[in-house]
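Structure record follows, encoded as structure tokens.
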Amino acid sequence: MQKISKVLFFFIFISIFACSKDSVEPVDNSCGTSYSYSTDVKMIIDQSCAYSGCHDGSGAAPGNYTSFDGMIDVLTLGTFENRVIVAKNMPPLDAPGPTELTEDELKIIGAWLNAGFPEDVNPIAATYESSIQAIIDNSCAYSGCHDGGGIGDYGLYQGLESVISSGSFFNRVVTIREDEVSGMPPLRAPDFGGPAMLTEEEFQLMLCWIENGYPEN
């Protein structure tokens, strides 16, 4: 398995962000971990919703939010998101407990909902062969792009080694990703049959792969 030194990656990362004037903000990526009910959200729910006399299953307020299973209906229907994130009226002003969530708590719950409200953390195992090759084939290595007929052949891991080593791959995929011309994929990519932007899921997988040193398998 071929890997780039984490030390080398660290210095490449620092030098790129120190020198680039047009870079996007650094991405906070914990490589495959996401907010989960068990680790992050339950304690917020217990303190602001599921205490005695509220959504504790006693009937004082509808629903039993003391467990993930008790919340699944309001999560699936979107009721919980509508009240907590959209209307921001839960907890209500007359609640015997906290009457509002902090910005950090709202951020955690919002990210958890956007991730599909997982009960437990599901780490991502990002390697070139397991997930990255498919992303690169779809967004970079298709016909007319980096397919070996022009600049670079990204259809194989070996074809990526030089741009990984030079820091060019990291620069274009992460640092200047929003640059319409030089970001990867560029805004004009649809003209050649490719996507103009990686999805957020693809981008997070790419970050995880980079953080782990670009493992092949």
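Listing Thr127, Thr199 from fewest to most neighbouring C-beta atoms within 10 Å gives Thr199, Thr127. Close amide H pairs (under 5 Å, H built 1.01 Å from N) link Asp56 with Ala61, Tyr65, residues at least 5 positions away or on another chain. The 3J(HN,Hα) values that the Karplus relation (6.51, -1.76, 1.60; θ = phi - 60°) gives for segment 71-87 are, in residue order, 9, 4, 5, 6, 6, 5, 6, x, 4, 4, 4, 4, 7, 7, 9, 7, 7 Hz. Gly and Pro appear as x. For Gly110, neighbours were defined as the other residues whose beta-carbon sits under 14 Å from its Cβ, and their charges (Lys and Arg +1, Asp and Glu -1) total -3. Listed from fewest to most Cβ neighbours within 10 Å, the set Tyr157, Tyr65 follows the order Tyr157, Tyr65. Fewest neighbouring Cβ atoms within 10 Å first, the residues Ser166, Ser131, Ser48 line up as Ser166, Ser131, Ser48. Treating r as the C-beta distance of Arg83 and Glu201 and R0 as 22 Å, the FRET efficiency rounds to 0.25.
Per residue, the convex hull around the alpha carbon atoms of segment 37-114 comes to 83 Å³.
Read the figures in this text as sums done on the coordinates, not as results from a lab. All figures in this text were calculated on a predicted structure; none of them were measured in a lab. Positions of Cβ are backbone-derived with ideal geometry, glycine not excepted, and every protein chain shown enters the neighbour counts.
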